[in-house]
Amino acid sequence: MSDPPPEPVITLSHQPVDNRNIRFSLERGDLDLEQLLLLLNRNAFWAQNRRREEMERAIAHSYPVVSAWDGERLIGFGRATSDGVYRAVLWDIVVDLDYRRQGIGRKLVETLISHPHLQSVERIYLFTTHQRGFYERIGFVENPSTTLVLHGRPLEFLIPAAEQEQV
């Protein structure tokens, strides 16, 4: 009795992708920062022109970090930050355009949220511009509460007004 034929591979590229060779890694040491920066520049409008030093720092302060590989080629990435109890945030979820619609993005997210550091966190947040439906299919729901943001600013704004007058 012969094995059934492999499942068809769906791809947006002109070159077919064999997703049976895809591997996922939770090891930071596996990351190639040059490939990661290229992946972000080519596939994530929100992460253009990030600097190597800043990504090194972001990754160092993230746990877990997951990467997806086709052989030696980095094709997907995601990371999280969390206190391990109450809140976590997913960051930089990205899949190479040639590998989308094959379940790789879903596997990246599921790997992050099922990690022991995140699996019992009360709430996991993420930010998305165009992929809301994708995350809703995984189980995320809109957070109707007010979200506030403080854009990077010098710390002078933390000095009370009375003290600022004396400075």
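The table that follows gives values for the structure above.
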quantity	calculated
Selection from the range 66-94 of residues that are among the β-branched types (V, I, T) and either touching a Leu at 6+ places or on another chain (Cβ under 7 Å) or on the phi > 0 side of the Ramachandran plot (or both)	V66, V89, I93, V94
The one condition in (1) outside any loop (DSSP other than H, G, I, E, B); (2) crowded, with 17+ Cβ neighbours inside 10 Å that Y63 fails to fulfil	(1)
Any hit, the range 42-60, residues being crowded, with 19+ Cβ neighbours inside 10 Å and touching a residue at least 24 places away in the same chain (Cβ under 8 Å)	no
Count of residues meeting criterion [of a type in the set (S, T, N, Q), at pLDDT 70 or above and more than 17 Å from I113 (Cβ to Cβ)] in the range 130-156	2
Condition broken by V89, with the remaining ones in (1) surrounded by 17 or more Cβ atoms within 10 Å (Cβ to Cβ); (2) over 9 Å from the mean Cα position of the chain (by Cα); (3) not basic (K, R) satisfied	(1)
G84 out of contact with any strand residue (DSSP E or B) (no Cβ under 8 Å at 6 or more places or on another chain) and either of a type outside the set (S, T, Y) or within 19 Å of E27 (Cβ to Cβ) (or both)	yes
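The values are calculated or read from the model by the stated rules, or taken from the named source; none is laboratory data. All figures in this text were calculated on a predicted structure; none of them were measured in a lab. Neighbour counts run over all protein chains shown; Cβ positions are idealised from the backbone, glycine included.
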